[in-house]
Structures are given as structure tokens and as C-alpha cells.
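Step one of this worksheet: look at the structure below.
The values are calculated or read from the model by the stated rules, or taken from the named source; none is laboratory data. Here the structure is a predicted model, which is why all the values come from computation and not from measurement. Positions of Cβ are generated from backbone atoms using ideal geometry, with glycine treated the same way; all protein chains shown enter the neighbour counts. Just so you know, the surface numbers come from the protein's heavy atoms only, side chains and all, with ligands and any DNA or RNA stripped out. Shrake-Rupley method; radii C 1.70, N 1.55, O 1.52, S 1.80 Å.
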Amino acid sequence: MAGGPSTPELVAAVTRAGGMGFLAGGYRTPAQLADQITRTRALTGGSIGVNLFVVSRNDVDADELEDYRQELKYYADRYGIEVGAHKWDDDAWQEKLDVIRDLRPDLVSFTFDCPEADVLHELTTLGIHTAVTVTSTSEAVTAAGRGARILVVQGPDAGGHRATFDPAADPGTDALPELITAIRNTVDLPLIAGGGISTRQQVEAILGTGAAAVHVGTALLLADEAGTTPAHRSALHDPAFTETKVTRAFTGRPARGLRNKFMDDHERPGHAYPQIHYITAPLRAAAARNNDLQALHLWAGTGYRTTRTGPAADIIADLAP
Ligand SMILES: Cc1cc2nc3c(=O)[nH]c(=O)nc-3n(C[C@H](O)[C@H](O)[C@H](O)COP(=O)(O)O)c2cc1C
């Protein structure tokens, strides 16, 4: 979970509890990622995963981006700041791959797109398991064809960004069990399925569909070891938030979070990722400084109501069959 929640302490605690913790590579510098892997390794000798963003080049409509910047000016003015400039970058892809080659976590998962076959093959040769997050059968076929060893199947109820390869496409809405069945009927790879899972009964049901493992994000957001911000923590149990919603307003990519005013006010920002992420970054920082929960990206899956506080080990024990 990029953006703070995944800390070395959380990852190590999940691994020690019998799960497999994942560090977030996204948004960090390569040096920060290397430091996080080293710190996690010092906390556990067990298996750990690292997640990387695969950011494709995109054709953006500069006028559309400028329109969105103008649309957001009212909010920047409120805090006496400027709307962010838009730019593209690849989240330091090559440099982060170098960190992975050097420090060799047990598993690397990729989101937002599928790496080229040579990258997947090279990592496999180095003894690193590779997983690609998919949201449809066609993405699963692509990932399998390029040599991914594991698929992370992300259903429509998932918190945070959807992994859908084409940022312009509307993400699929097939429920997770149907998605797993469709992918199992097409591709012969182990599946780590998740999205909206917050109870042991749900874990059992998903394992019953033939998934090899279940992944959770939101269920760990309130763990003692998580780096979730105080604002995000308080919002998850704030009765003012009554549902989650998928939005492109914050980053251009569809992502599920607690429904708030910013989402409702900005329904058609376009799909330029990461450009829109950079446009809204100063606004989100100001919202965080001012504890403005109506303008923050409060990522959460549909199971957010049953998230509980406490040590990650207890949360995993509650979920494990
Ligand atoms: C706060 C937050 C941050 C996330 N960041 C990432 C990320 O950096 N990379 C990624 O592949 N998935 C990310 N996800 C999605 C999770 O990997 C996973 O698919 C999702 O949390 C599962 O649904 P659930 O939250 O309902 O358990 C994030 C989810 C949340 C809630």
C-alpha cells in the first residue's frame, strides 16, 4: 500500500503472523525503497514482497489537463497555494528494478500494467517470484504470456487504485468470485485474489473458488504497525462517511475510497495518470495539513466498516481460516 500505510514494521508483522507482507515501491525514491527492504529484512527472516508501479507512456490532452487545473483553482485559492503542474514520469522504473536485482525480495508484484517479458524472465532467473496484478481475463492472458509466475487478481471492491492496464478503460465490474472463475478457466497460474475482503468467511469463500491465497489491504489500514495517517484512520470509523466510491478525481486512474466532496465535485477529470496525480498533489498536501477529510484521498475497499485496530498479527489471525 503506497502512500504510507505499508511500513517495514507492518510487512514484517504480517509475515511473522504467517502471511506475506508487501512493501510499497510506488511513490518512493529508489533509495527509500532499498532502505525499506533492508529494514524489513532486519525485522524478519521470512518471505517478503515488494510492489512496483508499471507506468505506461500516455497521450494526454494538454487542454483537458489545463481545464482540470482551472477547475481546481478555487480549492488552491482557499489555502493560498498553486495547483500542481502536470508532468509524466515512470516512478523511477529502471532504478527500482536495480534495487530489486540487488536486494532480491522473495516476490515482486507489479500493478498498472505488465512488464515486458524480458524483465519477468530476468527476475525469475534471479530466483525472484513475479506476480502481475490483473483485473480481467485478457490482462491475465497477457501477463501469463509474458512469463508472470503468479497473478494477483483484484476485484471491483478493492480499496485504492484499480490495476487495470489501460488507464482510459473503465475497470471491470464482475464480482471477484466470477472473475477468479473466468481467469482459472483461461490461465493455469496460482491466483492471489482480493478486493473487499474483510472477514474470515469471505477469505474461506474466496479460497473455495480455487484461489491459492487471498490478499487484503484495507483490513490492515488500522493495524498498529501501519503508517496510515491519523486523518485516514479517523475517517475509516467516522460515521460521516457512509460509502466508498471509485473516482479518477485525485490521480486520473480509477481508485476506490471513502466517498467525499472532492470526488463528487470532480467527476470528469480525464484519465491522464500520473499527470493528474501531480496536479492534485499540492491540494492533497494542503488538505492533509488542514485535516480536510472532504478533499483527501481516503482509499478504502468496500469492507472498510469491519476494519479493526490492534496488532497486525491479531488482524491476520482473525482473517486466517
Ligand atoms: C491505501 C491503499 C493503498 C494501496 N496501494 C497499492 C499499491 O501501491 N500497489 C498495489 O498494487 N495495490 C495497492 N492497493 C491495492 C491493494 O493492493 C489491494 O488490491 C486492495 O487493497 C485489496 O482490496 P481491499 O483494500 O478491499 O482489501 C492499495 C490499497 C489501499 C487501500
(request) Give the residue, chosen from V108, V83, V50, that is assigned to a loop (DSSP other than H, G, I, E, B), touching a residue at least 40 places away in the same chain (Cβ under 8 Å), surrounded by 14 or more Cβ atoms within 10 Å (Cβ to Cβ) and not basic (K, R). (result) V83
(message) Among (1) touching a Phe, Trp or Tyr at 6+ places or on another chain (Cβ under 6 Å); (2) within 16 Å of the ligand (Cβ to nearest atom); (3) of a type outside the set (V, I, T); (4) farther than 16 Å from G160 by Cβ, there is one condition L293 misses while meeting the rest; what is its number?
(response) (1)
(request) Give just the number: which of (1) touching a Gly at 6+ places or on another chain (Cβ under 7 Å); (2) open to solvent by 30 Å² or more (accessible area, probe 1.4 Å); (3) within 16 Å of the ligand (Cβ to nearest atom) does D90 not satisfy? (result) (1)
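Looking at L123, L191, L176, which is the one that is buried (at least 19 other Cβ atoms within 10 Å of the Cβ), among the hydrophobic types (A, V, I, L, M, F, W, C), over 14 Å from the mean Cα position of the chain (by Cα) and more than 15 Å from the ligand (Cβ to nearest atom)?
Details: L191 fails: more than 15 Å from the ligand (Cβ to nearest atom); L176 fails: more than 15 Å from the ligand (Cβ to nearest atom).
Of the residues listed, the single one that is buried (at least 19 other Cβ atoms within 10 Å of the Cβ), among the hydrophobic types (A, V, I, L, M, F, W, C), over 14 Å from the mean Cα position of the chain (by Cα) and more than 15 Å from the ligand (Cβ to nearest atom) is L123.
Select the helices (runs of 4 or more DSSP H) contained entirely in the stretch 165-264, then report the ones holding at least 2 residues which are of a type in the set (D, E, K, R) and at pLDDT 95 or above.
Working: elements: 176-184, 200-208, 230-236.
Once the helices (runs of 4 or more DSSP H) in the stretch 165-264 are filtered for at least 2 residues that are of a type in the set (D, E, K, R) and at pLDDT 95 or above, what remains is 176-184, 200-208.
In the set A42, A13, A31, which member is in a helix (DSSP H, G or I), away from the ligand (no atom under 15 Å from the Cβ), small (G, A, S) and open to solvent by less than 30 Å² (accessible area, probe 1.4 Å)?
Values: A42 fails: open to solvent by less than 30 Å² (accessible area, probe 1.4 Å); A31 fails: open to solvent by less than 30 Å² (accessible area, probe 1.4 Å).
Every option except A13 fails the conditions.
Take the conditions over 21 Å from the mean Cα position of the chain (by Cα), small (G, A, S) and either open to solvent by 10 Å² or more (accessible area, probe 1.4 Å) or on the phi > 0 side of the Ramachandran plot (or both) and apply them to A317. Does it pass? Give the derivation first.
Details: over 21 Å from the mean Cα position of the chain (by Cα): yes; small (G, A, S): yes; either open to solvent by 10 Å² or more (accessible area, probe 1.4 Å) or on the phi > 0 side of the Ramachandran plot (or both): yes.
Here the answer is yes, as A317 does meet what is asked.
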(message) For a quick check of your reading of the model, give me the residue pairs whose first member lies in the stretch 214-225 and is open to solvent by less than 10 Å² (accessible area, probe 1.4 Å), whose second is part of a strand (DSSP E or B) and near the ligand (Cβ under 6 Å from one of its atoms), with beta-carbon atoms closer than 9 Å and at least 6 apart or on different chains.
(response) L221/W299
(request) Quick one: S56 ticks every box in (1) in contact with an Asp or Glu (Cβ under 8 Å, 6 or more places away or on another chain); (2) of a type in the set (S, T, Y); (3) at pLDDT 95 or above except a single one, so which number is it? (result) (3)
(request) From (1) in a helix (DSSP H, G or I); (2) under 30 Å from T137 (Cβ atoms); (3) open to solvent by 10 Å² or more (accessible area, probe 1.4 Å), pick out the condition that doesn't hold for L97. (result) (3)
(request) Filter the stretch 296-309 for residues that are open to solvent by 40 Å² or more (accessible area, probe 1.4 Å) and either away from the ligand (no atom under 13 Å from the Cβ) or aliphatic (A, V, I, L, M) (or both) and give the result. (result) R308, T309
